[in-house]
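Visitor: Questions regarding the structure given below will be posed in turn.
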Amino acid sequence: MQSIIKRWHRLSERAEATLLDLRIGLKFRSDRRHLPLTAEHFDLYRTIHRFAYGELGRFPNLSACEDLNDKLNWSKLFDQNPAMVDCTDKLGVRDYVAARVGPQYLTEVYQVRDHFAEIDFEALPKSFVIKTNNDSGTVIIVPDKDKLDRAEAERFVERALSQVYGAAHGEWAYAHIVPKVFVEESLADRNGASPPDYKFFCAGGKVTYCSYLYGRGTARRAQAIDRMGCDTGLNAGGFPYGSKYSKPDNWERMIEVAEILAADFKLVRVDFYSIGERIIVGEMTFWPLAGAFKGPDLSQISRLIDFDRSSFRPPYRPDAR
């Protein structure tokens, strides 16, 4: 009986998936009437719609772009700027930052390797951070290298290097990154606590608001900060609302740097750390949360972020760069 039930569930899931794809196909044909969609877009279009339906329970509205998620999904399809590949690559973005605002806004990188086993731990300082360049979230903060479980760290890193991140979300740029593992300086304080993140959402090359995150590794909290550096009280989604933000002295300089880096993109989030007088660019992210923001204040946050959707870029082709 259990095998019959399992088989029934599998058949039901297949039928549901087939019906979903049928609906996506019909929507694609409808959207082609007023959007610059071609057959070359279809696989990415289907992936985006499957992901949005699974996460949000609805398809993205690519014509009216009702909220931030719709705008992010529009960007995945119609703003495939080749520079996004370089800036999505956590090593490639360093060259982009250095060329536009200078290397002083970057961490020191100690080593870059193809595989974890190639890292020379003897040549490293006591504390550092291990990252992969081809995904989001593969970060190992090492306060003391003598206490690092290298076998577990290697499994974690090699798994990340072997996978194409974001494929199920429509985050196309990751598929074009050559995977590397690298070791950089640690920004943690003497107690091992990571500094807060300042995540500047930029639309049309201008900062719209900043998501201030703190409590990494403990209990993360977030606050939505307006361009003037004031707490909006809005919950941008992703984490519970916090209360520890205070405007840093270098706020205006962070905005200036963010807008220089965002100038060539319709929509991008530029992330910083602020440590004393030092400003460090963490990364540039083109599809935060993969376009699956939730929360009671999503509509208000969405109104802050808008950009020109009257111009388009064709699908990315590596051989055309």
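Visitor: Mind telling me which of the residues 111, 104, 163 ends up being in a helix (DSSP H, G or I), farther than 21 Å from residue 192 by Cα and of a type in the set (S, T, N, Q)?
Guide: Just one listed residue meets the conditions, 104.
Visitor: Residues 95, 70: which one is part of a helix (DSSP H, G or I) and either open to solvent by 60 Å² or more (accessible area, probe 1.4 Å) or among the hydroxyl-bearing types (Ser, Thr, Tyr) (or both)?
Guide: Residue meeting the stated conditions: 95.
Visitor: Looking only at the range 236-251, how many residues end up being surrounded by fewer than 19 Cβ atoms within 10 Å (Cβ to Cβ) and in contact (Cβ under 8 Å) with a residue 12 or more places away in the chain?
Guide: Selection size over the range 236-251: 11.
Visitor: Next question. Any residue at all in the range 298-313 that's in contact with a helix residue (DSSP H, G or I) (Cβ under 7 Å, 6 or more places away or on another chain), assigned to a strand (DSSP E or B) and surrounded by 18 or more Cβ atoms within 10 Å (Cβ to Cβ)?
Guide: No; the residues of the range 298-313 include none that is in contact with a helix residue (DSSP H, G or I) (Cβ under 7 Å, 6 or more places away or on another chain), assigned to a strand (DSSP E or B) and surrounded by 18 or more Cβ atoms within 10 Å (Cβ to Cβ).
Visitor: Test of understanding: among 167, 175, which residue is under 20 Å from the mean Cα position of the chain (by Cα), touching a residue at least 12 places away in the same chain (Cβ under 8 Å) and over 21 Å from residue 274 (Cβ atoms)?
Guide: Within the list 167, 175, the selection yields 167.
Visitor: Filter the range 30-67 down to residues that are within 20 Å of residue 168 (Cβ to Cβ), open to solvent by less than 60 Å² (accessible area, probe 1.4 Å) and under 21 Å from the mean Cα position of the chain (by Cα), then give me how many there are.
Guide: Of the residues in that region, 11 qualify.
Visitor: Kindly indicate whether any position in the range 253-260 is under 20 Å from residue 71 (Cβ atoms), modelled with pLDDT of 95 or more and open to solvent by less than 50 Å² (accessible area, probe 1.4 Å).
Guide: yes
Visitor: Looking at (1) open to solvent by less than 70 Å² (accessible area, probe 1.4 Å); (2) of a type in the set (Asp, Glu); (3) modelled with pLDDT under 95, which one does residue 189 not meet, given that it meets all the others?
Guide: Condition not satisfied by residue 189: (1).
Visitor: Something else now. Name the residue, out of 276, 291, 242, 282, that is among the small types (Gly, Ala, Ser) and within 19 Å of residue 60 (Cα to Cα).
Guide: Unique residue meeting the criteria: 291.
Visitor: Related question: Take the conditions of a type in the set (Ser, Thr, Tyr), in contact with a helix residue (DSSP H, G or I) (Cβ under 8 Å, 6 or more places away or on another chain) and open to solvent by 50 Å² or more (accessible area, probe 1.4 Å) and apply them to residue 174. Does it pass?
Guide: Taking the combined requirement at face value, the residue does not satisfy it.
Visitor: I'd like to verify a number: residues in the range 131-151 that are touching a residue at least 40 places away in the same chain (Cβ under 8 Å), more than 28 Å from residue 170 (Cβ to Cβ) and open to solvent by less than 40 Å² (accessible area, probe 1.4 Å), how many?
Guide: 1
Visitor: Also: I'm trying to understand the selection: among the residues of the range 196-215, which are closer than 26 Å to residue 265 by Cβ and open to solvent by 20 Å² or more (accessible area, probe 1.4 Å)?
Guide: Across the range 196-215, the qualifying residues are 196, 199, 204, 206, 208.
Visitor: Another question, if that's okay. Checking residue 274 against (1) part of a strand (DSSP E or B); (2) of a type in the set (Gly, Ala, Ser); (3) over 16 Å from residue 101 (Cβ atoms), only one condition comes out false. Which one?
Guide: It is condition (3) that residue 274 fails.
The values are calculated or read from the model by the stated rules, or taken from the named source; none is laboratory data. Source: prediction; values computed, not measured. Positions of Cβ are generated from backbone atoms using ideal geometry, with glycine treated the same way; all protein chains shown enter the neighbour counts. Side chains are part of the model used for accessible areas, which takes the heavy atoms of the whole protein and leaves out ligands, DNA and RNA. Shrake-Rupley method; radii C 1.70, N 1.55, O 1.52, S 1.80 Å.
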